[in-house]
Amino acid sequence: LLQKVVAKCIREKTDLTYYNRNRETLYEGLRQCGFSCIKPQGAFYLFVKSPSEDEKAFCEAAKRYNILLVPGSSFGCPGYVRIAYCVAYETIIGALPRFQELAKQYFQR
């Protein structure tokens, strides 16, 4: 059944502007907070250099600001954390002030 569905959808186009806007907004917002990021060229995830040597501790600190990060070591990228941006644009906009608060813990401004 799935093969029949794929065959009918194979030539369909997907509007990627939604994800591009999310990616650009999150990437630029995190950079403005002082975080070092790897700008993704695809997928729905952004890798951020952990400002703490213990990326898992950084993930725990982020939870206090209602930010969910995944340790990069789970994906073969120790020292980084992964953030999904396949969410509503409003979620990203709402999270940026929380990232600013989190950044204050790690960066002198």
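The values are calculated or read from the model by the stated rules, or taken from the named source; none is laboratory data. Source: prediction; values computed, not measured. When we count neighbours, we look across all protein chains shown, and the Cβ atoms used for this are built from the backbone with ideal geometry, even at glycine. With ligands, DNA and RNA removed, areas are computed over all heavy atoms of the protein, side chains included. Shrake-Rupley method; radii C 1.70, N 1.55, O 1.52, S 1.80 Å.
Give me the net charge for the shell around TYR85: Cβ to Cβ below 11 angstrom, other residues only, Lys and Arg +1, Asp and Glu -1.
+2
Taking loop as defined by DSSP and a crowding limit of 12 other beta carbons within 10 Å, which trypsin sites (Lys or Arg not before Pro) in the stretch 1-66 fit?
Answer in residue order: ARG11, LYS13, ARG64.
Please get the size of the charge dipole for the chain, origin at its Cα centre, with Cβ charges of +1 on Lys and Arg and -1 on Asp and Glu, quoted in debye to the nearest 20.
280
Go through LEU26, LEU2 and list them by solvent-accessible area, largest first, probe radius 1.4 Å.
Sorted by accessible area, descending: LEU2, LEU26.
Specify the inter-centroid distance of the stretch 27-58 and the stretch 78-103, based on alpha-carbon positions, in whole Å.
Centre-to-centre (Cα) distance: 9 Å.
How much of the accessible area of the stretch 30-106, probe 1.4 Å, is carbon plus sulfur, in whole percent?
Its accessible area is 51 percent carbon and sulfur atoms.
Can you give me the accessible area per residue for the chain, using a 1.4 Å probe, in Å²?
68
Just how many pairs of Lys in the stretch 1-59 have C-alpha atoms closer than 25 Å, counting pairs that are eight or more places apart or on different chains?
Taking the Cα cut-off of 25 Å, the pair count is 4.
If each residue of separation counts as 0.36 nm, what is the full-extension length gain between GLN3 and ASP15 once their alpha-carbon separation is subtracted?
Answer, rounded to one decimal: 2.1 nm.
Could you compute the FRET efficiency for GLN32 and GLU90, with r as their C-beta to C-beta distance and R0 at 25 Å, rounded to 0.05?
Once the sixth-power term is evaluated, E becomes 0.85.
Could you pull the Cα extents of the chain along its three principal axes, largest to smallest, in whole Å?
55, 27, 22
To the nearest 500 deg cm²/dmol, what mean residue ellipticity at 222 nm is calculated for the chain from DSSP H runs of n ≥ 4 alone, each contributing -39,500 (n - 2.57), summed and divided by the residues?
Result for the chain: -15000 deg cm²/dmol, rounded to the nearest 500.
Choose one of CYS9, CYS86, TYR45: the residue whose Cα lies farthest towards the positive end of the charge dipole of the chain (beta-carbon charges +1 Lys, Arg; -1 Asp, Glu; about the Cα centre).
Positive-end residue among those listed: CYS9.
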